[in-house]
Amino acid sequence: MKFLFKLPPIYIFLLVLSGVFWFNFAEGATLYWYGGSGNWSDYTNHWSNNSGNSPSSPASAAPTASEDVIFDANSGGGTMAFDVDASMASINTTGYTGIIDNNTNDKNITISGNMTLANTRVDMGGNGTTTGIWSVAGNVDYTGVTTFNYNTSTLVFSGTTQSWAPHAYAAKLLWNVKINSGSTTTITGAAGSAVNPIGNVSINGALSVASGEGLYPTPQNNKVVAMGNDSTLTGAGSIGLNMAGTGVSFTRGTGTTVDIAVFEWDYGNATGTLAGGTYASATVLIKGGTFTFIPANATYIFTGNVQFQATNATTYTINNSNNPSFEFRGNVTFTQTGTGILTWTSGTGTITLGDNTANGTQTINFLGKTVEDIIVNASGDTKQLTTNGVITDSLTVTAGILNANGQTIASTGLTTVNGGTYQTSTATQTLTGGLTLSSGTITQSTGEIDIAGDMTITGTPTFTKNASGLIKFKKGDATQTLTSAAMDLGNIQVSAGSGATTVTLQDNLNADNITIDASQTLSADDTEADRNINCGGNWANSGAFTAATNTVTFDGANQAISGSSIFYNLTKDVSADAARTLTFTTASIQIVSHTIILKGASGKVLTLASTTTAHWILVVPTGASYTVDYVSVSYSDASRGQAINATNSTDGGNNLNW
């Protein structure tokens, strides 16, 4: 002491001041709760610089924003109640056997560091809006709490980089959760765990869910899961919006990113709204019980695989009365589990089967439902139908491959191929609104292509016929036009099924088998010019053929003509080919009003035969011309017209007027 008093006064002052600073710093670093039940603000009886206040070192004030707070095994039991708004550097309740009560007084709690709650019970408190707000800037872990009462509190993540420890599903529910702008929060911890808010969820910063973890909001009535402008939802984990109330919404501001591995939109008997936008999740599951999901008037882009599912013994309806549009870039699957029924009510939007960045084959299972206009715009991809095909308002193939894959496609509007490839099916493709092919390719399979509107081919596309395929025109009680741009269409049939169809050629026709059913008409009488026909297969006419002044050329190998027809010009010339046979159905009548050419060559005789040992009838009226050379004819009756003088030919017998 003598030394101290010998120092100059200024040194004595500095020593005293530094001692005060040291004492206050040491006191403010960590404060311990002790003494059992009490109020947060009662520092005289409950806050100490030492665990259990041993040795005795009571705090001079309740904790402040710079002090860490510890509740431990030496804190005593009972209840600690927040009676004032509280701030602290961190809080840890590991080992504490008492209750943290914020429900009685509904105060706001601010924690600038970590929050670790692991005691007997925590009551979060709050009125749902302005009180019971727990704002945490560090890591959040409440998994160790035995009883966790969320009340109507709000948990705010206010830091920069934070972790959020998950727990067993539904074990510790939260009310409101908010991720502040500038905060990057990651849900990470024990594999197979989750966090479960049931009030409003606001994501204004970045929220990431680690692999094996989940964010499973279960919002109550009229609650919102909202993504603010430029916010992100990412990670290798999953989000499952399990809607437990009516009027629940998932909303998105501008510039948001949803790129979490699994996105699940799951309803029980609730209703809600899912915002439009791009969902980059590898898997999106939209499912529900007996309820109706009404998408917004927006565009939904799904870059991964999407499944719409009706669960067992329920009717799940997707009602598109708001006219949304969808773009699916991965697999699309409609499913009905057990006795569940999935109902898709189409609107006036579109469904685009879009470009998958990985390129390859994506499966499309519409389960035979009626959906909106389908657009295939997927360069480098194959969109392959599975299970019962689809009914669509219209179909457009612009890029990529649409593979019907043995499934039916029914397009009630216009079907357009203006790029890419449409691979038809062994099953019937019903194109009620007609078919336009201006670019790209149609690859025909063995199934029918039924067209009830106009068929128009322009430009230089490709139509790859199948020898067993068939294009059937069946509008019924109306006229269809056919513009084929010299493409070989393979087999065609005019067959309405009911009513009388007239197919009018708009240019020359190149086909294989040509069939005209009863009461149907094939007309070459166009207003601009008469249209010629090249028939490479058989000709079967049970209806009517309007020839006008055209030429029908039979340019196949061995061919047959059945039914009765009136031709203007008819030609079959094998002189530059090989010996062939043209067979006529017994009793059929073929009238050629202008010119008939039936011609072979030496060693290449054209045989004209009947299907039985009875006559087929050929009528070449007076004034018409004919060239019949190097033929072998039998069972032909030409007595109703002029006599036929066949040169270099063979009488096969049983001919009249030859």
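Out of the residues in segment 278-289 that are assigned to a strand (DSSP E or B) and over 13 Å from the mean Cα position of the chain (by Cα), which is modelled with the highest pLDDT?
Across segment 278-289, the extreme among qualifying residues is K287.
Looking at I401 and the list (1) modelled with pLDDT of 95 or more; (2) open to solvent by 40 Å² or more (accessible area, probe 1.4 Å); (3) closer than 23 Å to D507 by Cβ; (4) not in a loop (DSSP other than H, G, I, E, B), which single condition is not satisfied?
For I401, the failing item is (3).
Please go through segment 229-266 and pick out each residue that is open to solvent by less than 30 Å² (accessible area, probe 1.4 Å) and either touching a residue at least 60 places away in the same chain (Cβ under 8 Å) or on the phi > 0 side of the Ramachandran plot (or both).
Within segment 229-266, just G235 meets the criteria.
Among the residues of segment 575-602, which ones are in a loop (DSSP other than H, G, I, E, B) and within 14 Å of S649 (Cβ to Cβ)?
S575, A579, G600, S602
For every residue, the table says whether it meets (1) part of a loop (DSSP other than H, G, I, E, B); (2) open to solvent by 20 Å² or more (accessible area, probe 1.4 Å); (3) within 15 Å of R121 (Cα to Cα).
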site: S56; (1), (2), (3): yes, yes, no
site: S60; (1), (2), (3): yes, yes, no
site: S66; (1), (2), (3): yes, yes, no
site: D72; (1), (2), (3): yes, yes, yes
site: G76; (1), (2), (3): yes, yes, yes
site: M80; (1), (2), (3): no, no, yes
site: V84; (1), (2), (3): yes, yes, no
site: S87; (1), (2), (3): no, yes, no
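Could you list, ordered by first residue, the pairs with Cβ atoms under 6 Å in which the first is in segment 629-643 and within 18 Å of H594 (Cα to Cα) and the second is modelled with pLDDT of 95 or more and of a type in the set (A, V, I, L, M), at least 6 apart or interchain?
Short answer, once both residue conditions are applied: A638/L618; A638/I644; S639/L656; R640/V619; G641/V619; G641/V620; Q642/V620.
How many of the residues making up segment 563-584 are farther than 19 Å from I533 by Cα and not charged (D, E, K, R)?
Result for segment 563-584: 5.
Could you tell me whether T94 is at pLDDT below 95 and part of a loop (DSSP other than H, G, I, E, B)?
Details: at pLDDT below 95: no; part of a loop (DSSP other than H, G, I, E, B): yes.
In short, no.
A quick yes/no check of all residues on (1) buried (at least 21 other Cβ atoms within 10 Å of the Cβ); (2) not polar (S, T, N, Q):
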| site | (1), (2) |
| --- | --- |
| I133 | yes, yes |
| N139 | no, no |
| G144 | no, yes |
| T160 | no, no |
| W164 | yes, yes |
| A168 | no, yes |
| L173 | no, yes |
| K178 | yes, yes |
| G182 | no, yes |
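I'd like to check something: does segment 371-389 contain any residue that is of a type in the set (D, E), open to solvent by 20 Å² or more (accessible area, probe 1.4 Å) and under 24 Å from the mean Cα position of the chain (by Cα)?
Checking segment 371-389: at least one residue is of a type in the set (D, E), open to solvent by 20 Å² or more (accessible area, probe 1.4 Å) and under 24 Å from the mean Cα position of the chain (by Cα).
How many residues are assigned to a strand (DSSP E or B) and open to solvent by less than 10 Å² (accessible area, probe 1.4 Å) when one looks only at segment 420-449? It would help to see each step written out before you state the result.
First pass over segment 420-449, keeping only residues assigned to a strand (DSSP E or B): 420-423, 429-431, 435-443, 448-449.
Next, from what is left, pick out any that are open to solvent by less than 10 Å² (accessible area, probe 1.4 Å): 422, 429, 431, 435, 437, 442, 449.
Number of matching residues: 7.
The values are calculated or read from the model by the stated rules, or taken from the named source; none is laboratory data. From a predicted model like this one, the values you see are computed outputs, not experimental measurements. Neighbour counts are summed over all protein chains in view; Cβ atoms, including those assigned to glycine, are modelled from backbone coordinates with ideal geometry. For accessibility, only protein heavy atoms count, side chains too; no ligands or nucleic acids. Shrake-Rupley method; radii C 1.70, N 1.55, O 1.52, S 1.80 Å.
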